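Below is one structure; the comments refer to it alone.
The values are calculated or read from the model by the stated rules, or taken from the named source; none is laboratory data. Nothing here was measured: the structure is a model prediction, and the numbers come from that model. Here the Cβ is made from the backbone with ideal geometry for all residues, glycine too, and neighbour counts use every protein chain on show.
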Amino acid sequence: MTNGSIAKRYATALFEEAKAQFMDQQIYERLGVLHSTMKAEPELQMALINPHVTAEKKYQLLLLASGLDLESTNLFTRFLWLLLENHREDQLRMIIFIYREMYRELHDIDYVVFETAVPVDDATIEHLTERIKAHRHRKVEYKCKVNPRLIGGFRLRIGDRRYDYSYQHQLELIRKELCPTQ
C-alpha cells in the first residue's frame, strides 16, 4: 500500500467520523493550527519522525502544536494517539492536506493564494475575495504571500488553477521570445 493511500484512508476515516459527530469544522480548524505550527517549526516534523522520541512525547508535542492542553480528550486527540500507535506520524502532513481538501469540497470553499511583490492592503484583499466569490459562487479562504522576486504584479492560485500576472513572468515571456534557443 502506498503512503498516499494510507494517508487518504486515515484522512477519510477522520473526516467521516468528524462529520458524524458534527465536528468537521472543529477538526478542520485544529488541523489548520497544527499545519501552521508544523510549517513554522520544522523541528516538530523532525521530532515526529525521530525513532528515539517516544510516542508519549510526540503526542504531547502534537497537542501543544495544535493549541490544546494535555488534558484535552476528543475525536482529534484520539486520532492523534491512533496515528502514533500505528506509527503513521510520517503521514500527518498528507493527512492534514487531504482532510482540508475534503472539507473545502464539502463546504464549497475555494482556497486562494494571492502572491504579490509587496504587501497589499485589506481593501485590495476584500475586493479580490468578493470578485472571486461572485465569479465562482463559492466561499473563499485565502492566504497572502509576499514574494519580492515577482518585481510587480501578482500571482493567483484558485484550487488547481494558476494565473500569473507578475512582471517576472512577463519578462520571462519576453526573454523567451527574443532568445528562443536559451
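Of the candidates Val53, Val120, Val33, the single residue that is over 19 Å from Lys139 (Cα atoms), modelled with pLDDT of 95 or more and assigned to a loop (DSSP other than H, G, I, E, B) is Val53. Residues in the range 64-96 that are under 18 Å from Gln25 (Cα atoms), in a helix (DSSP H, G or I) and free of Cβ contacts under 8 Å to residues at least 24 places away in the same chain: 3 in all. Residues that are aliphatic (A, V, I, L, M) and assigned to a helix (DSSP H, G or I) were ranked within the range 97-111; the one that is farthest from the chain's Cα centre (by Cα) is Leu106.
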